[in-house]
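Worksheet: the structure to be examined is printed underneath.
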Amino acid sequence: MKRKLGTFETLYTLFIAGLGFYVLARNVPDLSRPVEAFFLLLLVLIGEYSPVPVPRGDGSISVSPPLLFTVAVLYGPGLAVWIACIATIRKKDLLGQVPIPIVLFNRGMLSLSIYGFCKVYALLGGVQGVFSLARDVPAFIAAATTYTVINAFLVSIEFAFMLRTSLISVWRTNIIWSLPNMFALFPFGLLMVLVCAQGGPLYLLIFLLPMFVAKYSLEKYIELRDAYAEMAGALANAIDFRDSYTRGHSERVAEYAVMLAKELKLPDDRVELIRYVGLLHDVGKVGIRDAIMKKPGRFTFDEYEEMKSHAKMGADMLMGMKFLGRGQDWVRYHHERWDGKGFPDGLAGEEIPLEARILACADSFDAMTTDRPYKQRMSFEDAREELLRCSGTQFDPRVVQAMMAVIDKLIANRK
């Protein structure tokens with residue numbers, strides 16, 4: 001099912017498409033060597049095969065820019081912009097699975113990006129058809145950087161419309177992590193230009209294997225991110241399934257924690273991590289006996305002391321994980337209190353990591369608004385009053401204020 005575009009997104013996509021097609025119309029390709037032109041088109045098509053999807057949204061990343069750079073340097077802007085426009089059309093575009101404005105936007109965006117490459121390269125002394133390693137490397141690097149920045153900027157705006165989020169958020173989530181990979185392709189592009197200039201386009205075939213290795217490394221990075229999410233979700237379900245009264249608790253705490261983190265303007269990388277850690281904040285409960293976990297009434301003193309140990313056990317379980325281990329202290333201290341009367345270490349105020357204070361508030365809010373064996377759930381409004389009452393004692397006042405805005409949104413979404 002195709003996504004519907006909003007009015008402003010449609011206007012933006014058509015504006016960029018219009019600029020791109022204007023560039024195409026002003027740069028008619030030189031087809032005096034049609035076999036070479038077709039061969040280069042075919043190579044870019046191969047480079048575009050099975051692009052790597054970005055973490056959020058419907059976009060993807062290709063490893064074909066070095067080929068486009070080679071065409072731009074040795075064959076000029078005409079052939080470069082037309083190949084960039086035509087060779088990047090994908091199967092789902094032809095099958096109507098992508099909105100037509102987005103298909104047109106992608107053509108325009110790529111045309112503008114590669115045209116920017118050509119203009120900067122020429123402005124800095126680069127000459128079409130020849131390449132000198134001693135003379136033209138600075139111009140090539142500057143031109144490739146221009147291509148990458150134009151591409152990233154135009155795509156970021158499109159993603160901001162698509163995901164209904166800020167440009168900064170899109171940049172952090174979908175762009176920053178990919179830029180080192182894109183810049184790493186610049187030397188690869190330089191080598192392609194040198195080889196093609198000396199031996200002709202047929203020699204570019206030797207670069208296909210390294211291109212697919214680069215694609216493979218990008219795919220593995222994305223898969224690793226997905227694996228973290230799947231693992232966190234699976235562990236959270238395993239914990240929640242032990243107690244029917246807390247089923248879904250970890251997912252809700254993660255959701256509230258993410259909303260709180262965004263309300264407090266935390267960077268997107270910390271928001272992403274708090275989502276995973278929120279799912280795993282109670283992972284230490286796998287080490288608690290069923291007799292305690294499933295007890296329908298209140299705990300005895302000894303049982304409560306054993307239950308309290310889940311925070312330390314959970315932190316210890318995350319300790320050995322390279323990515324999730326950064327949040328081990330958030331798990332360890334999510335039962336600390338602002339006034340220092342919590343556990344396990346009696347930390348107070350700013351001694352408690354901010355993310356742990358966020359999890360504490362999210363965890364308590366869900367506990368208050370969920371039915372338990374020994375109490376009925378509160379309404380969101382009553383839970384709001386309880387959080388305000390405990391602000392400055394159990395909870396960080398700044399986090400509570402942010403939680404008020406989160407609760408307003410939750411109430412509005414329920415109407």
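The values are calculated or read from the model by the stated rules, or taken from the named source; none is laboratory data. Keep in mind that this is a model prediction, so the values were computed, not measured. We place every Cβ from the backbone using ideal geometry, glycine too, and count neighbours over all the protein chains shown.
Laid out as a table, the results:
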{"item": "Residue match in the range 364-381 (condition: in the same structural domain as I274 (by TED's automatic domain parsing), over 24 Å from L264 (Cβ atoms), among the acidic types (D, E) and surrounded by fewer than 22 Cβ atoms within 10 Å (Cβ to Cβ))", "result": "yes"}
{"item": "Members of the range 80-93 found to be assigned to a helix (DSSP H, G or I) and modelled with pLDDT of 80 or more, listed by number", "result": "A80, V81, W82, I83, A84, C85, I86"}
{"item": "Close pairs from the range 351-372: first assigned to a loop (DSSP other than H, G, I, E, B), partner of a type in the set (D, E, K, R), Cβ under 6 Å, at least 6 apart", "result": "I352/E336; P353/D329; T369/R377; T370/R377; D371/R377"}
{"item": "Options V130, V149; residue that is among the hydrophobic types (A, V, I, L, M, F, W, C) and either more than 28 Å from A17 (Cα to Cα) or in contact (Cβ under 8 Å) with a residue 60 or more places away in the chain (or both)", "result": "V130"}
{"item": "Flag for V130 being assigned to a loop (DSSP other than H, G, I, E, B), surrounded by fewer than 20 Cβ atoms within 10 Å (Cβ to Cβ), assigned by TED's automatic domain parsing to the domain that holds I176 and over 26 Å from the mean Cα position of the chain (by Cα)", "result": "yes"}
{"item": "Of residues in the range 176-190 being within 16 Å of G47 (Cα to Cα) and either among the charged types (D, E, K, R) or modelled with pLDDT of 85 or more (or both), the one surrounded by the fewest Cβ atoms within 10 Å (Cβ to Cβ)", "result": "F186"}
{"item": "Wholly within the range 252-333, helices (runs of 4 or more DSSP H) carrying at least 3 residues that are hydrophobic (A, V, I, L, M, F, W, C) and on the phi > 0 side of the Ramachandran plot", "result": "none"}
{"item": "Matching residues, the range 354-413, being touching a strand residue (DSSP E or B) at 6+ places or on another chain (Cβ under 7 Å) and either more than 21 Å from S250 (Cα to Cα) or among the aliphatic types (A, V, I, L, M) (or both)", "result": "A360, L387, P397, V400"}
{"item": "Count of residues meeting criterion [crowded, with 17+ Cβ neighbours inside 10 Å and either farther than 21 Å from K285 by Cα or not basic (K, R) (or both)] in the range 332-342", "result": "6"}
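Results for (1) of a type in the set (V, I, T); (2) within 26 Å of T70 (Cβ to Cβ); (3) in contact with a helix residue (DSSP H, G or I) (Cβ under 7 Å, 6 or more places away or on another chain), shown as yes or no for each residue.
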{"residue": "S132", "(1), (2), (3)": "no, yes, no"}
{"residue": "R135", "(1), (2), (3)": "no, yes, no"}
{"residue": "A144", "(1), (2), (3)": "no, yes, yes"}
{"residue": "Y147", "(1), (2), (3)": "no, yes, yes"}
{"residue": "F153", "(1), (2), (3)": "no, yes, no"}
{"residue": "I157", "(1), (2), (3)": "yes, no, yes"}
{"residue": "F161", "(1), (2), (3)": "no, no, yes"}
{"residue": "S166", "(1), (2), (3)": "no, no, yes"}
{"residue": "W171", "(1), (2), (3)": "no, no, yes"}
